[in-house]
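In what follows, a single structure is set out as structure tokens and then discussed.
The values are calculated or read from the model by the stated rules, or taken from the named source; none is laboratory data. Being a predicted model, the structure only gives us computed values, none of them experimental. Glycine also receives a Cβ, built like all others from the backbone with ideal geometry; neighbour counts cover every protein chain displayed. Ligands, DNA and RNA are stripped out before the accessible areas are found, and what is left, the full protein with its side chains, is counted by its heavy atoms. Shrake-Rupley method; radii C 1.70, N 1.55, O 1.52, S 1.80 Å.
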Amino acid sequence: QEAEVKMELADILVLDEKFNQAILYYAQISETLKNDEKSHEASMKMAETSYYKQDFDWALQQVKVLKQSSSLLIANDAIEMFLLISDNSAEDSLRLALKEFSKADLLIYQKKNDLALQQFKDILVKYKGDVIEEATLFKIAHIYEKKKDYTNALAFYQNILDNHKDGIYVDEALFYSAEIYRKYLNDDDKAKPLYEKMIFEHADSIHFTEARKQFRLLRGDSI
């Protein structure tokens, strides 16, 4: 219970951009509940806070360990952050694009989606063709999805599928596009091939199990 309260308090401190105080609470939880899933969650939040604070090297150290987490969701988030930071440090030693990206990401955390959307769009123009582009397209698509603007969300997911075929967000672009067609647009005919492509080409995706389940349902299998 004490850990839960500290986690809530730390989350609020991140919202207020009091990053050092938040990290202190996350660290206490991580240290107290070693090897517990709550400890891994606190460590992931500590890495994210370091990322918002733009202490990218420290965040990288954290997620290197968390890539082996027993929680698939935390491991997946850790891998995505690891790749985001490392990929965008290789070509840009000053990490200028990454700094702007993390500021926009913080706005999403603070639920300032309209401001975040504008900042990500600015990044897309300013750094078009750079490594940061794919992650930016994904963030924009996800914001549009939250805003229930499914036409724009699908367009930006499709941009990833068309122009970043070897990227790290392809499985998510496929899955979320299929989910939009199935859940919100009632278009199973468009959802089905997306689920199918997802399960045949991205068996290691965190969304694989759900994609397979929905594909089988759409195909008419009895589950």
Evaluate the range 62-69: report whether one residue or more is in contact (Cβ under 8 Å) with a residue 40 or more places away in the chain and assigned to a helix (DSSP H, G or I). no
Among the residues of the range 59-67, is any touching a Phe, Trp or Tyr at 6+ places or on another chain (Cβ under 7 Å) and among the small types (G, A, S)? yes
So which residues in the range 140-183 are small (G, A, S), under 15 Å from the mean Cα position of the chain (by Cα) and open to solvent by 20 Å² or more (accessible area, probe 1.4 Å)? G167
Between a first residue in the range 80-104 that is over 19 Å from L137 (Cβ atoms) and a second residue that is of a type in the set (F, W, Y), which pairs have beta carbons less than 8 Å apart while being 6 or more apart in sequence or on different chains? S89/F56; R95/F56
Looking at F56 and the list (1) closer than 28 Å to L124 by Cα; (2) among the hydrophobic types (A, V, I, L, M, F, W, C); (3) modelled with pLDDT under 95, which single condition is not satisfied? (3)
Of the residues R212, R219, which is at pLDDT below 95 and either within 21 Å of E48 (Cβ to Cβ) or not aliphatic (A, V, I, L, M) (or both)? R219
If K103 meets every condition in (1) part of a helix (DSSP H, G or I); (2) open to solvent by less than 60 Å² (accessible area, probe 1.4 Å) apart from one, which number is that one? (2)
Say whether the condition of being farther than 29 Å from D16 by Cβ and assigned to a loop (DSSP other than H, G, I, E, B) is met by at least one residue in the range 93-100. yes
Among the residues of the range 166-181, write down those that are modelled with pLDDT of 95 or more and either out of contact with any Asp or Glu (no Cβ under 6 Å at 6 or more places or on another chain) or closer than 21 Å to V131 by Cβ (or both). Y169, V170, D171, E172, A173, L174, F175, Y176, S177, A178, E179, I180
Checklist (1) of a type in the set (S, T, Y); (2) surrounded by fewer than 23 Cβ atoms within 10 Å (Cβ to Cβ); (3) in a helix (DSSP H, G or I); (4) under 19 Å from the mean Cα position of the chain (by Cα) applied to T49, failing item: (2)
Scan the range 1-18 and tell me whether some residue there is of a type in the set (A, V, I, L, M), closer than 23 Å to Y127 by Cα and open to solvent by less than 30 Å² (accessible area, probe 1.4 Å). no
Failed item in (1) open to solvent by 20 Å² or more (accessible area, probe 1.4 Å); (2) under 22 Å from K53 (Cβ atoms), with I132 passing the rest: (1)
Could you tell me whether L137 is open to solvent by less than 60 Å² (accessible area, probe 1.4 Å) and either among the aromatic types (F, W, Y) or under 29 Å from S93 (Cβ atoms) (or both)? yes
When the residues of the range 73-92 are filtered to those that are in a helix (DSSP H, G or I) and of a type in the set (D, E, K, R), which remaining residue is least open to solvent (accessible area, probe 1.4 Å)? E80
Any chance K192 is touching a helix residue (DSSP H, G or I) at 6+ places or on another chain (Cβ under 7 Å), over 18 Å from N88 (Cα atoms), open to solvent by 60 Å² or more (accessible area, probe 1.4 Å) and in a helix (DSSP H, G or I): yes
